[in-house]
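Below you'll find the structure, written out as structure tokens, and then a few comments.
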Amino acid sequence: MTKVPKTSLCYENDLFLTAQAILAELLRRDKNYSVNRKIEEKVHVCCREQAIFLAGILKAKDVPARVRSGLAEYVNPKENKAGDHWITEYYS
């Protein structure tokens, strides 16, 4: 039996490829979208999908935003190598 890291089992990155898909799933799980929702009602995605989602929301509100990626050593400190990390930049 192959061991699978716990994080691989929790993330739903492959299911929701766009900001629109993430929002649709959030609203499907919790129509009121409350902050105090149960863990089952949350969408679990990594930094890439979170950055795309936030940039999509900001752009819909006419706030200039973009998604940036880079390598960060703090992503995989135990493996002593850099991993990719994604952030959202916005301008006001």
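Per residue of segment 24-37, what does 6.51 cos²θ - 1.76 cosθ + 1.60 with θ = phi - 60° give for ³J(HN,Hα)? Whole Hz please, x for Gly and Pro, Karplus curve as stated.
Rounded to whole hertz, the list is 4, 5, 4, 6, 5, 6, 8, 4, 8, 6, 7, 5, 8, 8.
How high is the relative contact order of segment 6-90, in percent, with contacts defined as C-alpha pairs under 8 Å that are six or more residues apart?
26
So what's the net charge close to Arg68: Lys and Arg +1, Asp and Glu -1, counting the other residues with Cβ under 14 Å from its Cβ? Before the final figure, lay out each step's value.
Numbers: positive: Arg48, Arg66; negative: Asp84, Glu89.
Combined, the nearby Lys, Arg, Asp and Glu give 0.
Please identify, among Glu40, Glu25, Glu79, the residue showing maximal mean-square fluctuation in a Gaussian network model of the chain using a 10 angstrom Cα cutoff.
Glu79
Would you mind putting 67-75, 55-63 in packing order, based on average other-beta-carbon counts within 10 Å, highest first? Before the final figure, lay out each step's value.
Details: 67-75: 11.9, 55-63: 14.1.
Packing order, densest peptide first, comes out as 55-63, 67-75.
Classify segment 6-90: rounded, prolate or oblate, from the alpha-carbon gyration tensor (a ≥ b ≥ c, eigenvalue square roots; a/c under 1.5 rounded; otherwise prolate if a/b is larger than b/c)? Walk me through the numbers on the way to the answer.
Numbers: a/c = 2.44, a/b = 1.27, b/c = 1.92.
It is oblate, given that a/c is not under 1.5 and a/b is not larger than b/c.
Please give, to one decimal in nm, the separation of the simple spin-label points placed at Asn13 and Ile39, each 7 Å out from Cα toward the Cβ.
It works out to 2.1 nm between the two label points.
Amide H to amide H, which residues 5 or more places from Val75 or on other chains are under 5 Å from it, using H placed in the peptide plane?
Counting only residues 5 or more places away or on other chains, the set is Gly83.
Values in this text are rule-based calculations from the coordinates and carry no lab data. Only a predicted model underlies this, so the values are computations on that prediction, with no experimental measurement involved. For neighbour counting, all protein chains shown are included, and Cβ atoms are generated from backbone atoms with ideal geometry for every residue, glycine included.
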